[in-house]
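Peer 1: Could you have a look at this structure, given as structure tokens, before my questions?
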Amino acid sequence: MAHEVHAQTEVHHEPQSFWTRYIFSQDAKIIGIQYLITAFVMGFVAMVLSWLMRLQLGFPGKTFPWLEKLLPHAAQGGILNQDFYLAAVTMHGTIMIFFFITAAGTGGFSNFLIPLQIGARDMAFPFLNMLSYWVYLAACIVLIASFFVPGGPAGGGWTMYPPLSSVKEALMGSGWGATLWLIALALFIASTTMGSLNYITTVLNLRTKGMTMGRLPLTVWALFITAILGLLSFPVLFAAAVMLLLDRHLGTSFFTPYLVVSDKHIPHEGGNPILWQHLFWFLAHPEVYIAILPSMGITSEVLSTHARKPIFGYKGMVAAIAAIALLSFLVWGHHMFVSGMNPWLGTAFMTTTLLIAVPSAIKTFNWLATLWGGNIRFTTAMLFAIGFISTFATGGLTGIFLGNPPVDIPLHDTYFVVAHFHFVMGVSAVFGLFAGVYHWFPKMFGRMMNERLGKLHFWLTFIGVYFIFFPMHYLGFLGVPRRYYAFDQYDFIPQALVHNINVVVSVAAFIVGAAQLLFVINFIWSLFKGPKADRNPWKANTLEWQAPSPPPHGNWGDELPVVYRWPYDYSVPGAPEDFIPQTVPTVPARRGDGGDGKGGQASQ
């Protein structure tokens, strides 16, 4: 309580030097922007790696002289070699899941939005917040450094299954590359844990007067529950990563069984690789929701604001987020149906997996109901939010296939799986992040982004991702395995058909990649030349739009804002405008109005 009172009344003085203001800043907004920029740079690296993979898959055997100049050790003769291909697959997945999507969603938007949307001056622990970002940056540097060590980066897949990851002789990337991968992940988890503690404490203790839990925007609910998920699940993988490092360097055998590699006995025995799978997936399935819940919150906010309608089923949306988070801890076994799991246990995991479709369906229905009859403004942010619903529904439906063991087993490790998880947690999550950047860019930088470039960016990306990933479902039905360098040695694969599909997918991937350059151009141009934004350009209700654009250090002036209503009073009958900010008092004040999710009637 003492800390709460102190934080609410303390005057925050603007840091004076460039270093304390922009580099070693303890301001959550600056830290959030640092997270976002670093994460998008990492995402760009992952995208380039995907281009290299698609170059090999779409045009196998074709030489590209420029590729040898670019990667002299990985593309001798202008053809990507197999070892680097496997490394590209591994690093693409690792960077996209942890270092881009998770970092941007949790580190980026949590820092920028939570204090502003709950009416606080900053995070509960500003120094810890700054430390969290710098540890994340160190993790990024360690991971990128693995491209330059002997043997190259890790190549055993983003799941890092032993023994490929525990035996240094297993692959080219199983040496220093795998060690740096594990160190980078341990640093990333340390950073995420520091951030999660901060976000949870801030939401629970630093809400401004009137901001009850029932009046929190859905973005804050999503970020808050995501933080709880991360705090409970990431430490499990941290312990597993440390144990794997011990296996690799200090002679333990947690995950390494008796093995002979190239007629040489590996000095380990008694370990069990399945243990790693359990520990990994205990984190990695909640990680799916750690990646996508922030985008769900952003989508809810953007849809309501730009449809000029109250969010449909607020309490149901909150309950659905909580239910998804709870169930995410009970489904990890569906990733291991082919590991020799007892069929009864498999049935239990199938049941919990299919149950998670219920809250997901509630959210999808509520988003569509919010759009129904709305006065929709098709801004770029709104387009990406609608695109989120489309790709999430597509990926969610294919998840029903993979949740059933009799169907999952023949589809396991085929391109059907690639299509499913790219739609449901890759593309959807990224669409949510883009919606968030386009929506809150005016608040971050005080300028508007170019809508024409933004819409071109959206349509090229939206159409392109369906050309990339939808055909992969069919490749999966044909039994085409994922992560393979080439398919010409497998008689059961219809070569000409698969080749033609791969050409289409690769060309679409290059176009979608080029479309992301439009976003980069728009972002940089708007940063300096974009029209100046007023305080509330979207006519939105949540608290951040009551602060100047960009908000000063400490967010608010001498007085903190007071909240009187929920955040979704749009198009209230009889109101003078189609939005009523949370700071507008209810007239007359309703008896017993204690945050029931609906703040009251509009000012008349």
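Peer 1: Among the candidates I225, I292, single out the residue that is closer than 23 Å to G157 by Cα, touching a residue at least 60 places away in the same chain (Cβ under 8 Å) and assigned to a helix (DSSP H, G or I).
Peer 2: Result of the check over I225, I292: I292.
Peer 1: Write out, first by first residue and then by second, each pair whose Cβ atoms fall under 8 Å of each other, whose residues are 6+ apart or on separate chains, and whose first residue, in region 174-191, is touching a residue at least 24 places away in the same chain (Cβ under 8 Å) while the second is among the charged types (D, E, K, R) and open to solvent by 10 Å² or more (accessible area, probe 1.4 Å).
Peer 2: These pairs meet every condition: G175/K168; A178/K168; A178/R248; T179/R248; L182/R248.
Peer 1: Quick check on S526: is it closer than 20 Å to N450 by Cβ, surrounded by 14 or more Cβ atoms within 10 Å (Cβ to Cβ), hydroxyl-bearing (S, T, Y) and at pLDDT 95 or above?
Peer 2: When the stated conditions are applied, S526 passes them.
Peer 1: Still on this model: Hey, which of the helices (runs of 4 or more DSSP H) in region 387-479, taking only ones fully inside, have at least 1 residues that are among the small types (G, A, S), open to solvent by less than 10 Å² (accessible area, probe 1.4 Å) and at positive phi?
Peer 2: Filter on region 387-479 gives an empty set.
Peer 1: Also: Return a yes/no flag: does region 231-253 have any residue that is touching a Phe, Trp or Tyr at 6+ places or on another chain (Cβ under 9 Å) and among the hydroxyl-bearing types (S, T, Y).
Peer 2: yes
Peer 1: With the structure loaded, tell me whether T159 is at negative phi and either among the aromatic types (F, W, Y) or assigned to a loop (DSSP other than H, G, I, E, B) (or both) or whether it fails that test.
Peer 2: Yes: the conditions hold for T159.
Peer 1: Moving on to the next point. Being open to solvent by 60 Å² or more (accessible area, probe 1.4 Å) and under 20 Å from V480 (Cβ atoms) is the filter; apply it to region 60-74 and report the residue that is nearest to the chain's Cα centre (by Cα).
Peer 2: P60
Peer 1: Name the residue, out of L171, L128, that is within 24 Å of S110 (Cβ to Cβ) and either touching a residue at least 40 places away in the same chain (Cβ under 8 Å) or open to solvent by less than 40 Å² (accessible area, probe 1.4 Å) (or both).
Peer 2: Unique residue meeting the criteria: L128.
Peer 1: Taking the residues in region 480-537 that are among the charged types (D, E, K, R) and part of a loop (DSSP other than H, G, I, E, B) as candidates, determine which candidate is nearest to L456 (Cα to Cα).
Peer 2: Checked region 480-537; the qualifying residue nearest to L456 (Cα to Cα) is D534.
Peer 1: Would you please name the residue that is surrounded by the most Cβ atoms within 10 Å (Cβ to Cβ), looking only at residues in region 138-168 that are closer than 18 Å to G251 by Cβ and modelled with pLDDT under 90?
Peer 2: By that ranking, first place goes to S166.
Peer 1: Contact list please: Cβ distance under 8 Å, first residue in region 63-81 and closer than 21 Å to G173 by Cβ, second residue exposed (fewer than 10 other Cβ atoms within 10 Å of the Cβ), pairs at least six apart or on different chains.
Peer 2: Going by the 8 Å Cβ cut-off, the qualifying pairs are I79/G61.
Peer 1: Here is a check on your reading of the model: is I298 open to solvent by 10 Å² or more (accessible area, probe 1.4 Å), part of a helix (DSSP H, G or I) and modelled with pLDDT of 95 or more?
Peer 2: The answer is no for I298.
Peer 1: Given the structure, is A88 assigned to a helix (DSSP H, G or I), more than 26 Å from Q495 (Cβ to Cβ) and open to solvent by less than 10 Å² (accessible area, probe 1.4 Å)?
Peer 2: So A88 does not fit the description; no.
Peer 1: Count, please, the residues in region 239-284 that happen to be in contact (Cβ under 8 Å) with a residue 24 or more places away in the chain and open to solvent by 80 Å² or more (accessible area, probe 1.4 Å).
Peer 2: So the answer is 3.
The values are calculated or read from the model by the stated rules, or taken from the named source; none is laboratory data. These numbers were taken from a predicted model, which means no experiment stands behind them. Here the Cβ is made from the backbone with ideal geometry for all residues, glycine too, and neighbour counts use every protein chain on show. The protein model used for the area step is the full one, side chains on, heavy atoms only, and it has no ligands, DNA or RNA in it. Shrake-Rupley method; radii C 1.70, N 1.55, O 1.52, S 1.80 Å.
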